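Chemist: Sending over a structure as structure tokens; questions will come in a sec.
The values are calculated or read from the model by the stated rules, or taken from the named source; none is laboratory data. All figures in this text were calculated on a predicted structure; none of them were measured in a lab. Note: ideal-geometry Cβ built from the backbone for every residue, glycine included; neighbour counts use all protein chains shown. The protein model used for the area step is the full one, side chains on, heavy atoms only, and it has no ligands, DNA or RNA in it. Shrake-Rupley method; radii C 1.70, N 1.55, O 1.52, S 1.80 Å.
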Amino acid sequence: LAMINSVAVVVRDTPRWVPYANGRTIFLPSLAYFVPRVMWPDKPLFDLGREFGRTFRMTLVVDDVTSIASTVPGELYWNFDLPGIIVGMAIWGTVNRFFYRRYGAGTRLDPIRKATHIVLLIQFIHFGGGIAGQGVMVIRTLIMIEAFLWFARRTGLLRVERLDEA
């Protein structure tokens, strides 16, 4: 299934047959994804791919396996209509630029920052299944990397040395 088909189905069916979600697929799932299941054992299960396929009649009623990615523009349109896509993609671009400026840009040889940028780049390239789940995954990854770097600097595993120009 081409990813553009997901967006086309959302534009076709919303709001005619499927009402706007008004942030229901983004905000509450994002909060729930941050809390580990160990701390919240009866946490609700969010499966946006299954819900998306059923809501927009892209899967059979008897199909209990298939999940379909809503894509970022599709989910933004489903939640907030055209202004949602405009504002959401502006935020998306701003976040990508921030991560690039923080980790990817610069003329110094800094392999740790460049490696972190590559990890983020790969995660953003595969971003398509749902804003909440994959957004939380990016944030968790950054928290783990930054915590490891902080620990490595404090314990001497990582240090910054200035190279003399020859």
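Chemist: Tell me the Kirkwood radius of region 1-106: reciprocal of the mean inverse pair distance over distinct alpha-carbon atoms, in Å.
Modeler: That comes to 15.5 Å for region 1-106.
Chemist: Now, a different point. Helix-only estimate, please: 222 nm mean residue ellipticity of the chain, summing -39500 (n - 2.57) across DSSP H runs of length 4 or more and dividing by its residues, to the nearest 500. Present the calculation step by step, with values, prior to reporting the outcome.
Modeler: Working: 6 runs with 95 residues, N = 166.
The helix contribution divided over the chain gives -19000 deg cm²/dmol.
Chemist: Here's a follow-up. For the chain, take the longest principal axis of its alpha carbons; what is the angle in degrees between that and the long axis of helix 3-13, to the nearest 10 within 0 to 90?
Modeler: 40 degrees
Chemist: Return one number: the angle in degrees, 0 to 90 and rounded to the nearest 10, between the long axis of the Cα atoms of helix 131-155 and the longest principal axis of the Cα atoms of the chain.
Modeler: Helix 131-155 sits at roughly 20 degrees to that axis.
Chemist: I've got another one for you. Using r as the Cβ-Cβ distance of Phe124 and Ala147, and R0 as 22 Å, what FRET efficiency do you calculate, to the nearest 0.05?
Modeler: Taking R0 as 22 Å, the efficiency between Phe124 and Ala147 is 0.60.
Chemist: Something else about it: If you take the C-alpha gyration tensor of region 71-166, multiply each eigenvalue by 5 and take the square root, what semi-axes do you get, largest first, in whole Å?
Modeler: 33, 15, 9
Chemist: Normalised by the number of residues in region 5-88, what is the relative contact order in percent for Cα pairs under 8 Å and 6+ residues apart?
Modeler: Across region 5-88, relative contact order equals 44 percent.
Chemist: Could you work out the relative contact order of the chain, using alpha carbon pairs under 8 angstrom and six or more residues apart, expressed as a whole percent?
Modeler: Here the relative contact order equals 27 percent.
Chemist: Continuing with the same structure: With every protein chain left in place and a probe of 1.4 Å, what is the accessible surface of Thr94, to the nearest 10 Å²?
Modeler: 90 Å²
Chemist: How much FRET efficiency would the formula 1/(1 + (r/R0)^6) give for Lys114 and Thr155, where r is the Cβ-Cβ distance and R0 is 25 Å, rounded to 0.05?
Modeler: Rounded to the nearest 0.05, the efficiency is 0.65.
Chemist: Taking the alpha-carbon centroid of each part, what is the distance from region 53-78 to region 109-162 in angstrom?
Modeler: 30 Å
Chemist: Enumerate the calculated ³J(HN,Hα) couplings along region 36-53 in order (Karplus 6.51 cos²θ - 1.76 cosθ + 1.60, θ = phi - 60°), each rounded to whole Hz, writing x wherever the residue is Gly or Pro.
Modeler: x, 4, 5, 7, 9, x, 9, 4, x, 8, 9, 10, 4, x, 6, 4, 4, x
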